[in-house]
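This report concerns only the one structure given below.
The values are calculated or read from the model by the stated rules, or taken from the named source; none is laboratory data. Here the structure is a predicted model, which means the values were calculated and not measured. Cβ coordinates were reconstructed from backbone atoms using ideal geometry, including for glycine residues, and neighbour counts include every protein chain displayed. Just the protein is used for accessible areas: all its heavy atoms, side chains included, with ligands, DNA and RNA removed. Shrake-Rupley method; radii C 1.70, N 1.55, O 1.52, S 1.80 Å.
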Amino acid sequence: MEARVVEKQGVNVTVSVRVDAATVDAAFERVLATLSRTVRVPGFRPGKAPRGVLVRRVGKEALAQEVRDALVDDSYPAAMRELGLAPIDAHFHADGALQGQEFEYTVHADVYPDVDLPDLATIELEVEPRVVTDADVDEAIRRLGLENAVLVPVERPVEETDWVLLGHVTGDAEADEASTFPVHLDRAGDELKGQLLGRAVGEVVDVVLTDTNVLEDDGTPKASNLKLKVVDVKGKELPADDGELAVQLGFADGAELRARVRESLEADARRATQDARRDEVVGKLVAGATLDLPASLVRRRQRTLLQDVAHDLGHQGVTLQRYLERLEARGKREEFERELAETAEKGVRRDLVLERLMEVRGTQVTDAEFQAALKLLAESRGVDVGRLEHDLGADYLANYRFFMQRDKALREFIAELSGEEAPAPGEEEVAEAAEAAFAVDEEAADDHDHHREHDHGEHEQGEPT
């Protein structure tokens, strides 16, 4: 076999592959042997039909196409390795093979790009760590007090922290008892709260609620009009002090309560700092990197995004086609498709940059680290690790390990910039890696191999023509 690059422009490459006549003849023999066992020829047992009869039964042209496909399947991976190319998507052009003659075909492929990262030594962290103040602790304890307050009857209009019992009103001013429902105003949204404040027991209120997740045909959020009656109002009697609340919540005293609250807030602050720093560093890496985007990866990401949109619309009882028709009617379809393409490009660029960071740093996930991540994932799903590995399969686990490895590279890089120890992956990182692994479509997962540099195995081979 001989392979040569005919043309290469960025991530687009054209390759010519030539297979010698002896290999072509061997492929004919192999294909005919297979066909003799699988093609039924009247009057002959499987594998016993004379070759001439078998060829006439199959057809010379069909046989030539079978051999052509076999030769491409056998030689294409070796040709790409020989040329040092990592194809993503490939389309082949070839005529049928002929016995006793060389076979040549052309491959048009997208390949993974060379990614040049910015000088990592020039990247600096600007995000400061989130600091938990005494005021933050006081506010959290106040919220705990509200959540655990005693409800007491009041004879006054509704106030901000009240418990309100509401009832749906249909034709008259009487609310059906079966349709009543309670609302804690300190947890309610501003829209509903604003329409209930100052109302009194027995008052009927025309409430308008909007749902930004559901759009009307004109693109505006869906608005629901409700007639609600204020059936009852109760105030919240807060604990006398931190000590009383502490005992109520099972702590020894107010000091222990404050310590536990601060500990929880500081854990949240660390996660918020990590997320903000992650966004900052990824943004700087992507902004400073140079690379060509493979069109096939962008198209694949667009398909995934459209599937997500269709899934979300399905929960609203709307098909993707109907949604696109609404956008078309409002002259918004082009804008939607442009934003979809931009989102896909940003996602692909981010993934390629993070993968390059992992390669540059030589990051590896140890078996112990991988098993710890699998344990966290298994616990989140309520199964043991063995059952999880069995259910997910080898391809998924390979993808999952790759995304854990990529995340580790970013966490360690951020830790070096901050001068802090890299945190172990938590439930959020484990879940994100699991989601990313699931996002790899089934065809790509069959060939995916992240153990070799740049060998993603996600090519979509077109039929030879």
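Angle check, please: helix 333-361 long axis (alpha carbons) against the longest principal axis of the chain (alpha carbons), in degrees 0 to 90, nearest 10.
80
Cα axis of helix 320-329 to longest principal axis of the chain: angle in degrees, 0 to 90, nearest 10?
80
Accessible area per residue of the chain at 1.4 Å probe, in Å²?
Here the residues of the chain average 56 Å² of exposed surface.
Can you count the Lys pairs in the chain whose Cα atoms are under 20 Å apart, with each pair 8 or more apart or on different chains?
Lysine pairs meeting the criterion: 10.
Remind me, relative contact order of the chain in percent, using alpha carbon pairs under 8 angstrom and six or more residues apart?
Value for the chain: 17 percent.
Between rounded, prolate and oblate, where does the stretch 65-161 land on the alpha carbon gyration tensor, with a ≥ b ≥ c its root eigenvalues, rounded for a/c under 1.5, else prolate if a/b exceeds b/c?
On the way: a/c = 6.91, a/b = 2.84, b/c = 2.43.
Cα axes put the stretch 65-161 in the prolate bin.
Which value, in Å² rounded to 10, gives the accessible area of T122 with a 1.4 Å probe and all protein chains present?
Number for this one is 90 Å².
Applying a 10 Å radius around every beta-carbon, put 276-285, 104-113 in order of their mean neighbour count, most first. Show your work: numbers first, answer last.
Working: 276-285: 17.0, 104-113: 21.2.
Highest-to-lowest ranking by the protection proxy: 104-113, 276-285.
Keeping all protein chains in position, work out how much accessible area T304 exposes to a 1.4 Å probe, and write it in Å² to the nearest 10.
40
With a 1.4 Å probe and every protein chain left in place, tell me how much accessible area T38 has, in Å² to the nearest 10.
90
For every helix of n ≥ 4 consecutive DSSP H residues, a contribution of -39,500 (n - 2.57) applies; sum these over the chain, divide by its total residues, and give [θ] at 222 nm rounded to the nearest 500 deg cm²/dmol.
Value at 222 nm, helices only, nearest 500: -17500 deg cm²/dmol.
Roughly how big is the chain's charge dipole about its Cα centre, with Cβ charges of +1 (Lys, Arg) and -1 (Asp, Glu), in debye to the nearest 20?
Approximately 2160 debye in magnitude.
Quickly work out the A276-to-R40 label distance, labels modelled 7 Å from Cα along the C-beta direction, and quote it in nm with one decimal.
If labels sit at R40 and A276, their model points lie 7.3 nm apart.
Of Q248, A422, S36, whose Cα points farthest to the positive end of the dipole of the chain (charges on the beta-carbon: +1 Lys, Arg; -1 Asp, Glu; origin at the Cα centre)?
S36
Ignoring ligands, DNA and RNA, what percent of the 1.4 Å accessible area of the stretch 209-310 is carbon and sulfur?
Working: 2790 of 5540 Å².
Summing carbon and sulfur atoms, their accessible area is 50 percent of the total for the stretch 209-310.
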